[in-house]
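The values are calculated or read from the model by the stated rules, or taken from the named source; none is laboratory data. As the structure is a computational prediction, the values presented were derived from the model and not from experiment. Virtual Cβ from ideal backbone geometry, glycine too; neighbours counted across all protein chains shown. With ligands, DNA and RNA removed, areas are computed over all heavy atoms of the protein, side chains included. Shrake-Rupley method; radii C 1.70, N 1.55, O 1.52, S 1.80 Å.
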Amino acid sequence: MKRYLLAFSISLLLSLAGQAQTSDEWMNRGNDAFKSSNFPAAIEAYNAILESGFESADLYYNIGNAYYRMEEYGQAVLNYERALRMRPNFRDAKQNLELAQSKTEDQIASLPEVFLVQWGRSLVGLLSPTGWRVALLVAIALLALFIVVFLLSSDYGWRKGMLTGIVVAVVLVGLCIACAAVSHTHYNRHNEAIVTVPMTVVKSSPEEGSVDKMVLHEGTKVVIEETLGGWHKIHIADGNSGWMEAHDITII
């Protein structure tokens with residue numbers, strides 16, 4: 001039995017090593033193609049990595065850059081958004097996303113948000129879900145340390161300082177739990193999408209003969225509220241909503 005387990009482990013390790021080597025080869029091939037301005041070949045190489053089961057913020061960022069250079073701004077926006085979903089504090093991806101969005105036809109003003117909502121969104125976006133989990137573990141470790149020192153110390157000054165530290169650590173733990181939960185929910189809630197066709201008509205109901213409400217163009221971000229058959233009920237940043245065919249958008 002042990003011999004079989006050992007053989008399986010070695011086989012798994014070799015498989016993972018081979019997969020990593022293949023991903024590196026495709027990445028190098030994609031980067032070389034990008035430097036040579038052969039952007040379709042770069043996209044093909046990067047997509048080969050995705051098809052192997054590996055994804056990263058940097059990979060989506062590279063794909064977005066290649067599409068941007070090809071002036072396919074809808075696909076560029078989609079991939080920059082995917083990069084930011086994996087790494088919310090990815091500054092280069094955020095800047096390039098804004099640049100790509102400025103090239104799209106629909107310039108939609110967002111509804112104003114309450115300051116606290118803006119602040120909370122910015123705070124959660126500082127770290128990825130994994131990053132917030134790590135921050136939570138650090139906060140818990142600090143709390144445990146302060147409690148141990150408080151219990152073991154007989155000095156009044158130390159105990160007073162540790163008591164303050166315990167209160168601060170408890171607040172940090174609560175903050176990290178809240179941010180980790182919101183970040184995890186956002187990461188796993190695949191209800192945001194990008195229009196990836198040149199133009200689509202948003203209808204008043206999920207049927208072809210219904211009234212046209214608005215026209216959206218490639219690169220516009222929508223939020224999916226409901227799905228019915230081959231239709232999605234969506235709303236956009238300015239609050240307008242309607243029904244559109246599912247094949248006209250791609251989930252972020």
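Out of region 193-252, which residues are open to solvent by 60 Å² or more (accessible area, probe 1.4 Å), touching a residue at least 60 places away in the same chain (Cβ under 8 Å) and of a type in the set (Val, Ile, Thr)?
Listed by number, the list holds a single entry, Ile251.
If Gln107 passes every condition in (1) crowded, with 19+ Cβ neighbours inside 10 Å; (2) under 20 Å from Met199 (Cβ atoms) but one, which one does it miss?
Only one criterion is unmet by Gln107, namely (1).
Filter region 65-79 down to the residues that are in a helix (DSSP H, G or I), of a type outside the set (S, T, N, Q) and either under 22 Å from Asp32 (Cβ atoms) or open to solvent by 20 Å² or more (accessible area, probe 1.4 Å) (or both) and list them by number.
Matches in region 65-79: Ala66, Tyr67, Tyr68, Arg69, Tyr73, Ala76.
Can you confirm whether Tyr4 is among the hydroxyl-bearing types (Ser, Thr, Tyr), at pLDDT 95 or above and either closer than 23 Å to Ile252 by Cα or out of contact with any strand residue (DSSP E or B) (no Cβ under 6 Å at 6 or more places or on another chain) (or both)?
So Tyr4 does not fit the description; no.
Can Ala76 be described as on the phi < 0 side of the Ramachandran plot and in contact (Cβ under 8 Å) with a residue 24 or more places away in the chain?
So Ala76 fits the description; yes.
Pairs, please: C-beta under 7 Å, at least 6 apart or cross-chain, first residue free of Cβ contacts under 8 Å to residues at least 12 places away in the same chain and surrounded by 11 or more Cβ atoms within 10 Å (Cβ to Cβ) and in region 137-155, second in a helix (DSSP H, G or I) and not β-branched (Val, Ile, Thr)?
Ser153/Arg159; Ser153/Met162
Against the conditions (1) open to solvent by 40 Å² or more (accessible area, probe 1.4 Å); (2) farther than 20 Å from Tyr187 by Cα; (3) modelled with pLDDT of 95 or more, where does Ile43 fall short? Just the number, please.
Of everything listed in (1) open to solvent by 40 Å² or more (accessible area, probe 1.4 Å); (2) farther than 20 Å from Tyr187 by Cα; (3) modelled with pLDDT of 95 or more, Ile43 misses just condition (1).
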